[in-house]
Amino acid sequence: MTQTRPGGRTARTRAAVLTATVDELIEAGYAGLSMESVAHRAGVHKATVYRRWGTLEGLLVDALTFFADQSVPTPDTGDIDGDLRELARSALAVLADRTGQALVRAMVSAGHHSQVAQVIRAFWADHTTMVAEIVARAVRRGELPPGTRPADVSRAIGAPLYMRLLVTAEPLDGAAADQAAAAVAAAARAGVFASS
């Protein structure tokens, strides 16, 4: 009888290769990423990387999935201001982290590849589902107008933080997250994100 080993060699190899992928992205960016450099850093033969992932895009998709597959609990502070502040702080934690920064920059660089674009769409769909729960509670409490669009709230709360990371290189800090949350809460209350 064969006994399977949870977290055996295959899982260790995958984790080593995906960690090496992120380390390479941190050091060289997506433009400097290669299957050979990842294999060398992970301590595996490049044939292993090619056989398992096939292309750089396949490798990036798995790395994005591996590192983004950590469920973040939906904030429930009792009011929309607190919920949006917690949401913005969660985004800040990812974007201020070197791994998060490297993966976001890689998504932007490789977003034209269909597999990467699919992962990006799935991530935002999950995020919008979380925001929909926050918005629905706020509408029930009378804090937001009916018809408030969760996708618009989701985009608006993340946009200032992504702008700081990818465009202006301004500091990513708690004040920036709190400001984004307060601006979105005020706009949502005013009906900016509500269907007409």
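Details
- Residues located in the stretch 137-148, provided they are surrounded by 13 or more Cβ atoms within 10 Å (Cβ to Cβ) and touching a helix residue (DSSP H, G or I) at 6+ places or on another chain (Cβ under 8 Å): Arg137, Ala138, Glu143, Leu144, Pro145, Thr148
- Filtered residue count, the stretch 72-126, keeping only those that are under 12 Å from the mean Cα position of the chain (by Cα), basic (Lys, Arg) and crowded, with 16+ Cβ neighbours inside 10 Å: 1
- Selected residue [at pLDDT 90 or above and either under 29 Å from Val131 (Cα atoms) or polar (S, T, N, Q) (or both)] from Ala96, Ala68, Ala15: Ala96
- Scanning the stretch 167-196 for residues that are modelled with pLDDT under 95 and either assigned to a helix (DSSP H, G or I) or outside the structural domain of Arg89 (by TED's automatic domain parsing) (or both) gives Ser195, Ser196.
- Enumerated helices (runs of 4 or more DSSP H) restricted to the stretch 1-104, each holding at least 2 residues that are of a type in the set (Lys, Arg) and touching a helix residue (DSSP H, G or I) at 6+ places or on another chain (Cβ under 7 Å): 80-95
- Of the residues screened, Pro160 is not one that is touching a strand residue (DSSP E or B) at 6+ places or on another chain (Cβ under 8 Å), on the phi < 0 side of the Ramachandran plot, assigned by TED's automatic domain parsing to the domain that holds Met107 and of a type outside the set (Val, Ile, Thr).
The values are calculated or read from the model by the stated rules, or taken from the named source; none is laboratory data. From a predicted model like this one, the values you see are computed outputs, not experimental measurements. Neighbour counts run over all protein chains shown; Cβ positions are idealised from the backbone, glycine included.
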